[in-house]
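Visitor: Once you've had a glance at the structure underneath, I'll fire off some questions.
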Amino acid sequence: MEETILILDFGSQYTQLIARRVRELNVYCEIHPFNHIPEINAHVKGVILSGSPFSVRGDDVPNPELNGIRKELPILGVCYGAQLLAQQEGGLVAPSEIREYGRANLAFIHRDSKLMNGVNDGSQVWMSHGDTILELPEHFEVISSTHDVEVAGYKIKGEETYGIQFHPEVYHTTEGAVLLRNYVVDICACTQSWTPDSFIETSIASLQEKLGNEKVVLGLSGGVDSSVAAELLHRAIGDNLYCIFVDNGLLRKNEFGKVLDSYKGLGLNVKGVDVKERFYEALAGISEPEDKRKAIGRTFIEVFDEEAHKIKDVKWLAQGTIYPDVIESISVKGPSATIKSHHNVGGLPDVMKLKIIEPLNSLFKDEVRKIGRALAMPADILNRHPFPGPGLGIRIIGDITPEKIRILQDVDDLFIEGLKNYGLYDEVWQALAVLLPVQTVGVMGDERTYENVVVLRAVGSTDGMTADWSHLPYEFLSKVSNDIINRVKGVNRVVYDISSKPPSTIEWE
Ligand code: XMP
């Protein structure tokens with residue numbers, strides 16, 4: 001176990017960002033809901049209390065007992081966390097008279113404060129709160145103020161407990177990283193030894209210990225998470241890891257062969273299962289998006305289950321689950337929390353009665369990529385755009401036929417290869433093509449045509465929850481449009497999607 005900072009989540013939209021900032025300092029941290037504080041062992045070096053959409057003045061708001069932690073470990077309360085500590089000790093928290101939202105500058109910094117060490121006078125901070133700390137208890141001292149907020153930061157005398165009302169984790173707090181470093185390194189005495197290499201080393205050892213000689217099955221998708229999970233497990237248990245890569249007939253053009261080859265190049269014990277026809281049969285005549293997703297999901301589970309049963313004595317099912325999925329399922333839901341719909345083909349674990357192993361379930365997506373790089377995995381696997389489980393099945397509007405798949409694969413291939421050739425692939429977060437069930441009139445040579453419309457879509461995003469359409473160069477769009485119409489039989493019109501999410505979604509179905 002490595003040194004850990006615990007982050008108690010009170011439901012703030014920024015909680016995950018705090019975790020990422022701490023990890024950027026090469027210090028491991030975990031988020032736990034405020035009402036499920038884990039046992040504090042010797043590895044825990046400090047505790048951060050997050051912000052919250054609640055007000056400490058409300059009834060029935062998060063108010064955990066912190067006695068087992070206070071004075072034992074350094075604490076940093078952020079926003080709600082700071083107000084809660086102040087109120088618990090007899091301070092006065094009241095609604096702010098002036099709006100405390102947005103940028104502010106530190107007008108006073110206590111120069112002896114370890115937390116504020118190296119933070120410059122006038123430094124910009126980000127405020128986002130409806131309440132403010134009006135009076136501090138006697139045994140508290142102010143360590144920073146802004147023009148409008150006297151208690152921007154405080155310390156409880158005689159203990160390493162700090163509170164700040166601004167958010168050090170957001171980008172707009174320009175010296176937030178200095179402050180977090182002061183807390184994590186100087187106050188909590190963490191050694192900053194959590195690196196991709198150390199993660200790989202400890203993961204391999206713990207996978208070996210847990211799995212021993214038992215066999216593990218894993219479904220590869222071609223995506224980053226399942227691929228990195230496979231490589232890590234492979235390093236730990238070698239050919240006792242059985243990988244299954246299913247060709248559902250809804251992958252990109254030539255993707256099955258290419259990806260299978262690169263897995264084999266990595267030395268993985270992988271079996272490619274070509275069951276295109278089975279998926280096409282299951283999908284025949286279905287046009288409704290959710291019905292298509294269900295048919296694809298069901299068929300995948302059947303195929304995977306059959307294949308797994310062919311592996312004698314397999315005991316474990318490995319999955320590429322990452323930390324945001326874990327946090328999502330345990331997180332504190334504030335009054336304004338949005339409901340995220342879960343897309344992934346679920347249900348495997350229930351059907352298979354295998355023990356579950358998730359080697360990446362403590363990592364954020366960018367950390368998974370870093371681990372992949374440290375494992376020397378090929379860049380084309382690590383930098384691949386996200387691709388949905390139901391694949392092209394949800395990019396053909398209406399029912400699916402092999403001919404429509406052929407058209408869409410050709411269009412998509414010209415678009416994606418074009419992005420790569422123009423050096424644009426890594427600039428966009430996800431790019432895709434959609435085949436519409438719409439014919440339009442065109443003219444080719446002297447002939448009138450009546451053929452399909454395709455849509456190109458490219459978006460920028462960080463996690464797929466929100467997205468902006470990408471402003472691809474006209475010159476590029478014009479070239480790709482020409483290529484598609486000239487080369488793909490059955491298409492005579494190309495349009496570019498300029499909708500953002502929300503209100504649109506990234507996929508069309
Ligand atoms: P939307 O269309 O909801 O997509 O804006 C957000 C992200 O999720 C992907 N997506 C899916 N992934 N199964 C998946 O594994 C699905 O059914 C599914 N639907 C959407 C989408 O590609 C985008 O990255």
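The values are calculated or read from the model by the stated rules, or taken from the named source; none is laboratory data. It should be emphasised that the depicted structure is a prediction, and the values quoted were computed from it without experimental measurement. Because the Cβ atoms are built from the backbone with ideal geometry, glycine has one as well, and the counts that use them run over all protein chains shown. In case anyone asks, the SASA skips ligands and DNA or RNA and just uses the protein heavy atoms, side chains included. Shrake-Rupley method; radii C 1.70, N 1.55, O 1.52, S 1.80 Å.
Visitor: Explain nothing, just compute: Karplus ³J(HN,Hα) = 6.51 cos²θ - 1.76 cosθ + 1.60, θ = phi - 60°, for every residue of the range 436-442 in order, whole Hz, x for Gly and Pro.
Guide: 8, x, 10, 9, 10, 7, x
Visitor: How big is the dipole moment of the chain about its Cα centre under a simple scheme where the beta carbon of each Lys and Arg is +1, that of each Asp and Glu is -1, and everything else is neutral? Debye, nearest 20, please. Spell out each step's value before the answer.
Guide: Working: 51 positive and 72 negative charges, 210 e Å.
It comes to approximately 1020 debye.
Visitor: Between I498 and Q13, 0.36 nm times their residue separation minus their Cα-Cα distance comes to what?
Guide: On the way: separation 485, 0.36 × 485 = 174.60 nm, distance 2.74 nm.
Result: 171.9 nm gained on full extension.
Visitor: Hey, another quick one. Determine the order of T505, T299 by accessible area, beginning with the largest, at a probe radius of 1.4 Å. Could you put the intermediate results ahead of the total?
Guide: Numbers: T505 80, T299 10 Å².
So, going from the largest accessible area down, we get T505, T299.
Visitor: For E24 and A379 in the same chain, what is the full-extension length gain: residue separation times 0.36 nm, less their Cα-Cα distance, in nm? Write down the numbers at each step before the final one.
Guide: Details: separation 355, 0.36 × 355 = 127.80 nm, distance 2.17 nm.
Gain on stretching E24 to A379: 125.6 nm.
Visitor: Convert each backbone phi in the range 307-312 into a coupling constant with the Karplus relation 6.51 cos²θ - 1.76 cosθ + 1.60 (shift: θ = phi - 60°), then list the ³J(HN,Hα) values in order as whole Hz, x for Gly and Pro.
Guide: Here the 3J(HN,Hα) series is 5, 5, 5, 6, 8, 5 Hz.
Visitor: A follow-up question, please. Residues of the range 240-266 with backbone nitrogen within less than 19 Å of a virtual label 7 Å along the Cα-to-Cβ line of R298, please, listed as ranges.
Guide: Correct set: 248-250.
Visitor: May I ask you to derive the relative contact order of the chain, considering only C-alpha pairs under 8 Å and at least 6 residues apart, and to give it as an integer percent? Don't jump to the answer; show the numbers that get you there.
Guide: Numbers: 956 pairs, mean separation 55.5, N = 509.
Result for the chain is 11 percent.
Visitor: From the square roots a ≥ b ≥ c of the eigenvalues of the alpha-carbon gyration tensor of the range 401-496, which class results: rounded (a/c under 1.5), prolate (a/b over b/c), or oblate?
Guide: Details: a/c = 2.14, a/b = 1.71, b/c = 1.25.
Prolate.
Visitor: Rounded to the nearest 10 Å², what accessible area does M444 show when all protein chains are kept and the probe is 1.4 Å?
Guide: Estimated to the nearest 10 Å², M444 gives 80 Å².
Visitor: Still on this structure: For the peptides 181-190, 282-291, 353-362, 164-173, what is the packing order when you average, over each peptide's residues, the other Cβ atoms within 10 Å and list the highest mean first?
Guide: On the way: 181-190: 20.2, 282-291: 14.3, 353-362: 17.2, 164-173: 22.4.
Answer by packing, highest mean first, reads 164-173, 181-190, 353-362, 282-291.
Visitor: Please list, short to long, the whole-number percent of alpha-carbon pairs of the range 216-265 in consecutive 10 angstrom bins beginning at zero.
Guide: For the range 216-265, the pair-distance distribution reads 25, 57, 17, 1.
Visitor: So how do H147, H36 rank on accessible area, 1.4 Å probe, biggest first, that is with the largest at the start? Provide the component values of the computation, followed by the final result.
Guide: Numbers: H147 165, H36 120 Å².
Solvent-accessible surface, decreasing: H147, H36.
Visitor: According to a simple spin-label model (label point 7 Å from Cα along Cα-to-Cβ), what is the distance in nm between K310 and A284?
Guide: Taking the two extended label points, one gets 2.4 nm.
Visitor: Pairs of Cα atoms under 8 Å, at least six residues apart: use those to get the relative contact order of the range 196-382, whole percent. Before the final figure, lay out each step's value.
Guide: Numbers: 239 pairs, mean separation 54.7, N = 187.
Reported as a whole number, the value is 29 percent.
Visitor: Where the centre of each part is set by its Cα atoms, how far does the range 355-412 sit from the range 229-255, in angstrom?
Guide: The range 355-412 and the range 229-255 have Cα centres separated by 12 Å.
Visitor: From the phi of every residue in the range 24-37, what ³J(HN,Hα) in whole Hz does the Karplus formula 6.51 cos²θ - 1.76 cosθ + 1.60 yield, where θ is phi - 60° and glycine or proline is x?
Guide: Values per residue, Gly and Pro as x: 5, 8, 6, 10, 6, 9, 10, 9, 10, x, 4, 9, 9, 6 Hz.
Visitor: Express in Å², to the nearest 10, the accessible area of W508 obtained by rolling a 1.4 Å probe over the protein heavy atoms while all chains stay in place.
Guide: 110 Å²
Visitor: Hey, what did the range 4-187 get for relative contact order, percent, Cα under 8 Å, at least 6 apart? Mind dumping the intermediate values first?
Guide: Details: 410 pairs, mean separation 40.4, N = 184.
With pairs under 8 Å counted, the relative contact order is 22 percent.
Visitor: Tell me whether the range 369-442 comes out rounded, prolate or oblate; compute the Cα gyration tensor, take square roots of the eigenvalues as a ≥ b ≥ c, and use a/c under 1.5 as the rounded threshold. Each step should come with its number before you reach the end.
Guide: On the way: a/c = 3.13, a/b = 1.97, b/c = 1.59.
Cα axes put the range 369-442 in the prolate bin.
Visitor: Let me ask something else about it. Across 10 Å bins from 0, what is the distribution of all Cα-Cα pair distances for the range 196-382, in whole percents?
Guide: In whole percents, the pair-distance histogram is 8, 34, 37, 18, 3, 0.
Visitor: Which far-off residues, 5 or more places away or on another chain, put their amide H under 5 Å from the one on I244, with H placed in the peptide plane?
Guide: Close amide H contacts, sequence-distant or interchain: L218, G219, L220, K271.
Visitor: Eigenvalues of the Cα gyration tensor times 5, then square-rooted: what semi-axes does that give for the chain, in whole angstrom, largest first?
Guide: Details: eigenvalues 454, 169, 78 Å².
So the three semi-axes of the chain are 48, 29, 20 Å.
Visitor: Continuing with the same structure: For the range 95-198, what are Rg and Dmax over the alpha carbons, in angstrom?
Guide: In Å, with Rg to one decimal and Dmax whole: 14.3, 50.
Visitor: Given a 1.4 angstrom probe, I'd like the percentage of the accessible area of the range 401-496 that is carbon and sulfur, rounded to a whole number. Intermediate values should be presented prior to the final figure.
Guide: Values: 2490 of 5010 Å².
Carbon and sulfur together cover 50 percent of it.
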